[in-house]
Amino acid sequence: MADHTTRTAYTVESLLAVTVDVFNERGYDGTSMEDLSRAAGISKSSIYHHVRGKEELLRLAVGRALDGLFAILAEPAAVQGPAVERLEHVVRRTAEVLLAELPYVTLLLRVRGNTATELWALERRRDFDHQVAELVRAAVADGALRGDVEPRLATRLLFGMINSIVEWYRPGLKAADGVADAVVHLAFDGLRARG
């Protein structure tokens, strides 16, 4: 975990960065406001000046990850063109967002539904998955993807591959260059219909 105790002034954004580190290290349930205060090097009352409490920090953190993912679905390349090309775009961009927002997406992938915020996050993740599954179905219907793999299964396998990146990727890791392209090539080489 990074040492954030040298900072003197905090914004919600900088507090959120510390919080995400602590949540990822200790787990949401295993983190107290005292832990967050110590990690940030500020008093608990200073934290409460910015947010109502720990669950609001969780909502802001997972919301950041979810907003990044849902923004992908509105990008022009995700809504225009053949379904398979839109799907490839979404898969590539999902990997890119995961890499760019690694601590936030890591936290999102670890929520289990123990709080109202976690339930909200899980529901939004399911909605994202359903929208991607619809793209898979459309690409299968167009004949661009294999029809012998059920679309929901293909979607889960795609996200399983992408989400596993949080387990091994470390910023600056040379072997991680080109991760998003590798995900697309591996996935679509196996999913494309052979004609």
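Bear in mind these aren't lab numbers, they're just calculated from the coordinates by the rules spelled out. Everything quoted here is computed from the prediction, not taken from an experiment. Here the Cβ is made from the backbone with ideal geometry for all residues, glycine too, and neighbour counts use every protein chain on show.
What's the angle, to the nearest 10 degrees (0 to 90), between helix 12-26's Cα axis and the longest principal axis of the chain? Between the helix axis and the principal axis of the chain, the angle is about 80 degrees. With coordinates expressed along the principal axes, the C-alpha atoms belonging to region 77-161 extend over 41, 25, 21 Å, beginning with the largest. The residues packed around G113, meaning those with a beta-carbon under 13 Å from its beta-carbon, carry a net charge of +2 if Lys and Arg are +1 and Asp and Glu are -1. Rounded, prolate or oblate: which fits the chain when a ≥ b ≥ c are the square roots of the eigenvalues of the alpha-carbon gyration tensor, with rounded for a/c under 1.5 and prolate only if a/b beats b/c? Prolate is the answer for the chain, as a/c is 1.5 or above and a/b outweighs b/c. In the chain, helices alone account for a calculated mean residue ellipticity at 222 nm of -22000 deg cm²/dmol, with every DSSP H run of four or more residues adding -39,500 (n - 2.57).
Under a model in which nothing but the beta-carbon of Lys, Arg (+1) and Asp, Glu (-1) is charged, region 12-51 shows a dipole of about 120 debye around its Cα centre. The C-alpha atoms of the chain define a longest principal axis, and helix 179-191 lies at about 30 degrees to it.
Once the Cα atoms are used to define both axes, helix 83-100 deviates from the longest principal axis of the chain by about 20 degrees. In this structure, the amide hydrogen of L145, modeled 1.01 Å from its nitrogen in the peptide plane, lies closer than 5 angstrom to those of V140, A193, counting only residues at least 5 positions away or on a different chain.
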